[in-house]
Amino acid sequence: MLRAPPLCRTLEACLRDVGRKDPRVRASAVRDLAAHADRARSRVIGALEAALRDPSPEVRSAAAIALADTNGVEVLSALLCAIEDEDPFVCQMAIAAIGETRDPRSRERLRRALGDERPEVRFQAVIAFVRVAPEEAAEAIGGALSDPDPSVRYVAIRVAEEHGDTSRIAPRLAELTADSDADVRIAAAIALAHGGDDRGASVLLEVVSRRLAPREGDDEAAAVELVGEMGLAAAVPHLEQRAFGIMARLGREAFAFQALVALARMGHERASSRIVRDLGSRSRDRRTLAVAAAGRSRLLCARSLIEAMRGDETRAEPEAVKEALQALVPEANLKFPERKPDLRW
């Protein structure tokens with residue numbers, strides 16, 4: 001039987017229930033407190049600070065998560081103390097909350113956390129440290145790229161991409177495309193490709209051909225689309241299978257859209273024709289997807305059709321139209337030169 005989800009507690013109910021005997025009730029109340037931070041911040045932050053000292057690790061971790069959601073910089077000292085918590089998850093969430101504050105006062109404590117013996121703590125510390133001390137990001141990321149734990153190496157690659165230019169670490173990324181961990185290899189190849197470096201192309205091809213399966217769907221989506229930007233001719237049959245195969249026709253291919261974009265990016269006639277045809281679909285949702293696909297694949301022949309949709313939100317999502325038209329300005333496409341298929345792979 002289907003039931004409506006429970007309503008969020010009122011502020012007074014939250015404050016009442018954080019004192020209940022059952023730790024599950026207290027943890028639930030703590031999670032609901034964050035929704036009231038805008039109108040009663042001092043009371044909410046005070047209750048969350050107290051919850052960081054609760055006997056139950058479930059409650060303490062919920063408090064740290066809520067403080068991350070509310071940017072609880074007012075209780076930074078309490079969060080710094082929570083890094084020493086005996087429960088690893090509480091420690092991780094306290095570090096995550098500190099990262100959200102971006103307060104430089106936490107720099108030295110986070111620096112120590114980068115060398116913690118627990119890999120899950122180092123994982124969170126990399127993310128938080130770069131937010132708190134962006135001017136020292138290169139050193140932190142460089143160390144994490146050689147961490148013995150693959151999850152730390154992986155997150156270091158992702159953080160490096162978010163932080164900006166990866167050209168300085170490109171030699172290390174190239175080494176990591178041969179890492180013992182598949183997800184590290186994939187992340188390194190993606191980061192290289194985003195920087196215009198094709199040294200991870202063979203890894204991306206393994207993903208697109210399904211010989212290598214990343215844990216993260218975002219990584220698979222990126223790999224599928226990037227082989228199109230790189231013009232990898234060897235990827236075409238695999239992209240066609242993803243875009244037009246039986247699973248795509250049944251709606252069960254998770255990355256059919258990205259495959260269509262990749263093919264159109266390489267000048268694939270069937271993919272380009274599909275996008276143009278879908279711009280005239282009876283379905284607004286389908287037209288909107290086609291607009292997005294045209295923009296991402298730099299399909300200049302679709303510009304006039306998309307231009308005709310401007311100002312009419314019944315035709316397609318206005319933001320999608322705006323982004324596509326920005327991408328389809330001829331001058332902008334100089335940044336994305338057409339590539340001939342690379343036959344080396």
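Does A13 satisfy the criteria of being among the aliphatic types (A, V, I, L, M), crowded, with 16+ Cβ neighbours inside 10 Å and part of a helix (DSSP H, G or I)? The answer is no for A13.
The rows are residues; the columns are (1) farther than 27 Å from V25 by Cα; (2) within 22 Å of the chain's Cα centre (by Cα); (3) surrounded by fewer than 21 Cβ atoms within 10 Å (Cβ to Cβ); (4) not β-branched (V, I, T).
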| residue | (1), (2), (3), (4) |
| --- | --- |
| S61 | no, no, no, yes |
| R111 | yes, no, yes, yes |
| E117 | yes, no, yes, yes |
| S151 | yes, yes, yes, yes |
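On the basis of being crowded, with 23+ Cβ neighbours inside 10 Å, closer than 30 Å to S42 by Cα, modelled with pLDDT of 95 or more and among the hydroxyl-bearing types (S, T, Y), does S106 make the cut? Against the criterion (crowded, with 23+ Cβ neighbours inside 10 Å, closer than 30 Å to S42 by Cα, modelled with pLDDT of 95 or more and among the hydroxyl-bearing types (S, T, Y)), S106 qualifies.
Figure legend. Inter-residue proximity from segment 59-70: first residues closer than 9 Å to V90 by Cβ, second residues of a type in the set (F, W, Y) and part of a helix (DSSP H, G or I), beta-carbon distance below 8 Å, spacing 6+ or different chains. Indicated pairs: S61/F89. Filtering segment 154-167 to residues that are under 18 Å from D197 (Cβ atoms) and surrounded by 14 or more Cβ atoms within 10 Å (Cβ to Cβ) leaves A156, I157, R158, A160, E161, H163, T166. Residues in segment 227-266 that are part of a loop (DSSP other than H, G, I, E, B) and either charged (D, E, K, R) or out of contact with any helix residue (DSSP H, G or I) (no Cβ under 7 Å at 6 or more places or on another chain) (or both) were compared, and the one that is farthest from G195 (Cα to Cα) is L250. Within segment 22-42, residues that are in contact (Cβ under 8 Å) with a residue 12 or more places away in the chain and closer than 14 Å to N71 by Cα have Cβ atoms under 9 Å from residues that are among the polar types (S, T, N, Q) and in a loop (DSSP other than H, G, I, E, B) in these pairs: L33/T70; A34/T70; H36/T10; A37/T70; A37/N71; R41/T70, counting only partners at least 6 apart in sequence or on another chain. Scanning segment 267-297 for residues that are of a type in the set (D, E, K, R) and either part of a helix (DSSP H, G or I) or touching a residue at least 40 places away in the same chain (Cβ under 8 Å) (or both) returns E269, R270, R274, R277, D278, R284, D285, R286, R287, R296. Looking at the structure I just gave you, is A213 under 20 Å from the mean Cα position of the chain (by Cα), of a type in the set (G, A, S), farther than 17 Å from D198 by Cα and crowded, with 18+ Cβ neighbours inside 10 Å? No. Taking segment 231-257 as the range and being touching a Leu at 6+ places or on another chain (Cβ under 9 Å), over 20 Å from S273 (Cβ atoms) and either modelled with pLDDT under 95 or surrounded by 23 or more Cβ atoms within 10 Å (Cβ to Cβ) (or both) as the test, only L232 passes.
Hey, can you tell me all the residues within segment 171-205 that are not charged (D, E, K, R) and not in a helix (DSSP H, G or I)? Matches in segment 171-205: T177, A178, S180, G195, G196, G200.
The values are calculated or read from the model by the stated rules, or taken from the named source; none is laboratory data. Small disclaimer: the values here were computed from a predicted structure and weren't measured. Glycine also receives a Cβ, built like all others from the backbone with ideal geometry; neighbour counts cover every protein chain displayed.
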